[in-house]
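Worksheet: one structure, shown below.
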Amino acid sequence: MAAQSHGLIATFETPVAVYHAAEQVRDAGYKNWDVISPCPLHGIDKAMGLKRSIVPRISLAGGITGFATGMTMIWWTDAYDYPVVVGGKPFFSPMFAFPVSYELTILFTAFATLIGMFLVNGLPMHYHPVLKYPKIKRGMDDTFFIVIEARDPRFHAANTKALLEKAGGKDISDLEA
Amino acid sequence: MSHAEHALATPAILREVQPAVLPRAVLVENNRGFSWITDKICGIIEGKTPAWWWVCFIVACFIASFTVAGLTYLVSTGVGVWGHANPVNWAWDIVNFVFWIGIGHAGTLISAILCLLRQKWRTSINRAAEAMTIFAVVCAAIFPVFHVGRVWYAWYLFPIPNSNWIWQNFRSPLEWDVFAVSTYGTVSVLYWYMGMIPDLAVLRDRFEAAGHKLRSFLYGLFAMGWRGSSRHWSNYEMAYLILAGISTPLVLSVHTIVSFDFAVSLLPGWHTTIFPPYFVAGAIFSGFGMVLTLMLPLRAIYKLEDLITQYHIDCMCKITLATGTIVGYAYAMEFFIAWYSANPYEGFTFINRAFGNYAWAYWIMISCNVITPQFFWSRRVRRNTALVWVLSIFVNVGMWFERFVIIVTSLARDFLPSSWGYYSPSIVEIFTFFGTFGVFSTLFLLFIRFLPIMPMAELKAVTPQADVHAGHDQH
């Protein structure tokens, strides 16, 4: 088990350094790799060649479900199952049903967004090889890392290490799986 | 974009005209780096509990016990222990409800609306402001639940099958309120939690390095295994923006629906279309008052002057001034329309508010809400932190009185003089309300003791050290 390697990790001290390094790793054609940073870096998505997140689509699905749930629930309870005469007002109208449906739209969108974000990110994942790296604590604090995984088709222990060195990475280490 | 590409993209006319480059306000002073920010915020949680915290906590718990005692007495004895009597059957309970919900709205405004407006200065105050929102909603929710009398039937408000086989009346704003406030509380908690995930990961790793296994485990549990991956940040930032985007219409709609509790009735002084924007502006005004009340002592005690700078205080004072002026304008408009409508009942209601048997409450409201925020025009006043704090207390008091004046005067003297009456709160109501300040303080003290009071990751992201194009200040 100790022989299996998850990949290589390289340290960078500044966002500028890791940004330019990321561009080089992207241009070299790697797919299974990542940048670790303590805060979101504006522009790193482009440097990594990442596509736009799909979380908004999940949120939209949640929102539509919420609105439909609200309208359907109100119609079924107030106009179908047990209509009650209240001041001669209609048993169902999109007007009076709107506030509750609007709130449910927001509620379902919020849940869909949070759960969707977790699903797309593969969280919770309390155990991950990167978290075992002794210096990862600084990745949450003030240092940046690039991780290139061994399962990437272009991964080659010596070549990948050379690329990271050329890109300015320090302390290039092996990550155990 | 490289330097060369930038030069090509800039039109020649700009090089001739040379527009002035206005310096952006510095958001983190003294050029503090990432690790200073981490150490500062985590230091509050990692250090020993200060003595002042224990004193405040014990006092807060004691005051919170007033609410517990008041509610227990209320439920066991009956709603008659409150001062409610015909014609005033909504009084301190509903005033307190609207008061606390209004306070909560500033937190969401800071988190969500200022995020959409790209106001980066929100980063140092948004976590504590969101916490304030959640605790304010908890205090607010106590009142509609307990004012029903038979609290054990409060679940009848939700569309769950009950033994009478009857459903809720969705035509009523009181029912809309149930969904609005529940949604507001839930979404606020989700937004607050999601914002904390990267910071909980920081605490997890720091506690593990220091050897505190249990604390590392607890923070790590909620950190969901966050590891700072940029692929994760990409989805996270998108989710954050979406939550900000939906929280904005949420905060606007919640207080609008609360205002509908009054506006859809026929009482003079209540039945007016000005209520939704008037209530929302008033909520933001009172909420910012509470944000200032909480943030200024926190800033002084924990020496956060580099993170909550004078610029932040200036911005908060200016928003308070703006919303306070809107509220003052709304008062004037209500008076004007009452006269212009030639409706004798409407006209009487407003004269009565100013000169009737509740005139004392009315003039407290006017002096606190219209006059007090005008002091914030002065730069010298804004720079005097102690004075700003005192003025923020006046704002809170004034906004409580606004809701009191609206609710009680319109009920006490409505259409038929033979139905008129005067309301006074009972001792139970008074204790229950003041106890909610204890509930709020207890929760807030627990928050500042155990959770990161500022979003470290967001703060780092707005410092110049996080710029990937160092030297280009186009972002």
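The values are calculated or read from the model by the stated rules, or taken from the named source; none is laboratory data. Everything numeric in this text was worked out from a predicted model, so none of it was measured. Every residue, glycine as well, gets a Cβ built from its backbone with ideal geometry; the counts of neighbours run over all protein chains shown.
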Q) Of these, A:Tyr102, A:Tyr133, which one is more than 24 Å from B:Arg227 (Cα to Cα), surrounded by 20 or more Cβ atoms within 10 Å (Cβ to Cβ) and of a type in the set (Phe, Trp, Tyr)? A) A:Tyr102
**Q.** Residues satisfying the stated conditions in the stretch A:1-53, i.e. under 20 Å from A:Asp141 (Cβ atoms) and of a type in the set (D, E, K, R)
**A.** A:Glu13, A:Asp34
Q) Among (1) in contact with a helix residue (DSSP H, G or I) (Cβ under 7 Å, 6 or more places away or on another chain); (2) over 30 Å from A:Lys170 (Cα atoms), which single condition is A:Val86 missing? A) (1)
Q: Evaluate the stretch B:215-224: report whether one residue or more is under 30 Å from B:Phe158 (Cβ atoms), facing chain A (nearest Cβ under 9 Å) and not in a helix (DSSP H, G or I).
A: yes
Q: Would you tally the residues in the stretch B:1-53 being at pLDDT 90 or above and among the aliphatic types (A, V, I, L, M)?
A: 5
Q. Quick one: would you say A:Lys31 is more than 9 Å from chain B (Cβ to nearest Cβ), in a helix (DSSP H, G or I) and modelled with pLDDT under 95?
A. no
Q) Can you name the number of the only condition in (1) under 19 Å from B:His232 (Cα atoms); (2) more than 8 Å from chain B (Cβ to nearest Cβ); (3) surrounded by 21 or more Cβ atoms within 10 Å (Cβ to Cβ); (4) small (Gly, Ala, Ser) that A:Gly49 fails? A) (3)
Q) Just for the stretch B:176-208: of the residues that are at the interface with chain A (Cβ under 7 Å from one of its Cβ atoms) and surrounded by fewer than 21 Cβ atoms within 10 Å (Cβ to Cβ), which one is nearest to A:Ile136 (Cα to Cα)? A) B:Met194
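Yes/no matrix, rows are residues, columns are (1) facing chain B (nearest Cβ under 7 Å); (2) in contact (Cβ under 8 Å) with a residue 12 or more places away in the chain:
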{"residue": "A:Pro90", "(1), (2)": "no, no"}
{"residue": "A:Met95", "(1), (2)": "no, no"}
{"residue": "A:Phe98", "(1), (2)": "no, no"}
{"residue": "A:Ser101", "(1), (2)": "no, yes"}
{"residue": "A:Leu107", "(1), (2)": "yes, yes"}
{"residue": "A:Thr113", "(1), (2)": "yes, yes"}
{"residue": "A:Leu119", "(1), (2)": "no, yes"}
{"residue": "A:His126", "(1), (2)": "yes, no"}
{"residue": "A:Val130", "(1), (2)": "yes, yes"}
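Let's see how each residue does on (1) within 9 Å of the chain's Cα centre (by Cα); (2) surrounded by fewer than 23 Cβ atoms within 10 Å (Cβ to Cβ):
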position	(1), (2)
B:Val95	no, no
B:Phe99	no, no
B:Gly102	yes, no
B:Leu109	yes, no
B:Arg118	no, yes
B:Thr123	no, no
B:Ala140	no, no
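Matching residues to (1) at pLDDT 95 or above; (2) touching a Phe, Trp or Tyr at 6+ places or on another chain (Cβ under 7 Å):
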| position | (1), (2) |
| --- | --- |
| B:Trp121 | no, yes |
| B:Phe135 | yes, yes |
| B:Ala140 | yes, yes |
| B:Gly149 | no, no |
| B:Tyr153 | no, no |
| B:Pro161 | no, no |
| B:Trp165 | no, yes |
Q) Before we move on, is A:Gly29 touching a residue at least 40 places away in the same chain (Cβ under 8 Å) and assigned by TED's automatic domain parsing to the domain that holds A:Glu165? A) yes
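Which ones in the stretch B:397-425 are part of a loop (DSSP other than H, G, I, E, B) and among the hydrophobic types (A, V, I, L, M, F, W, C)?
Scanning the stretch B:397-425 gives B:Phe415, B:Leu416, B:Trp420.
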Q: Check B:Leu27, B:Leu71 and return the single one that is surrounded by 12 or more Cβ atoms within 10 Å (Cβ to Cβ), in a helix (DSSP H, G or I) and of a type outside the set (Val, Ile, Thr).
A: B:Leu71
(Q) Suppose we filter the stretch A:137-160 for residues that are touching a Ser or Thr at 6+ places or on another chain (Cβ under 9 Å), of a type in the set (Val, Ile, Thr) and either surrounded by fewer than 19 Cβ atoms within 10 Å (Cβ to Cβ) or not in a loop (DSSP other than H, G, I, E, B) (or both); how many remain? (A) 3
Q) With respect to the numbered conditions (1) over 28 Å from the mean Cα position of the chain (by Cα); (2) part of a helix (DSSP H, G or I); (3) not basic (Lys, Arg), which one is the sole condition not fulfilled by B:Ala20? A) (2)
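Please specify each residue of the stretch B:364-383 satisfying the condition of being surrounded by 15 or more Cβ atoms within 10 Å (Cβ to Cβ) and not aliphatic (A, V, I, L, M).
B:Cys368, B:Asn369, B:Thr372, B:Pro373, B:Phe375, B:Phe376, B:Arg382, listed by residue number.
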Q: Have a look at B:Ala300, B:Ala322, B:Ala359 and point out the one that is without any contact (Cβ under 8 Å) to a residue 40 or more places away in the chain and more than 21 Å from B:Val408 (Cβ to Cβ).
A: B:Ala322
Q) Which of (1) closer than 18 Å to B:Gly289 by Cα; (2) of a type in the set (A, V, I, L, M); (3) in contact with a Leu (Cβ under 9 Å, 6 or more places away or on another chain); (4) buried (at least 19 other Cβ atoms within 10 Å of the Cβ) is the odd one out, the single condition B:Ala386 does not satisfy? A) (4)
(Q) Anything in the stretch B:443-470 that is touching a Lys or Arg at 6+ places or on another chain (Cβ under 9 Å) and either in a loop (DSSP other than H, G, I, E, B) or acidic (Asp, Glu) (or both)? List them, or say none. (A) B:Leu451, B:Pro452, B:Ile453, B:Met454, B:Pro455, B:Glu458, B:Val462, B:Thr463
Q.
Against the definition (more than 30 Å from B:Leu241 (Cβ to Cβ) and of a type in the set (Gly, Ala, Ser)), how does B:Ala140 come out, yes or no?
A. no
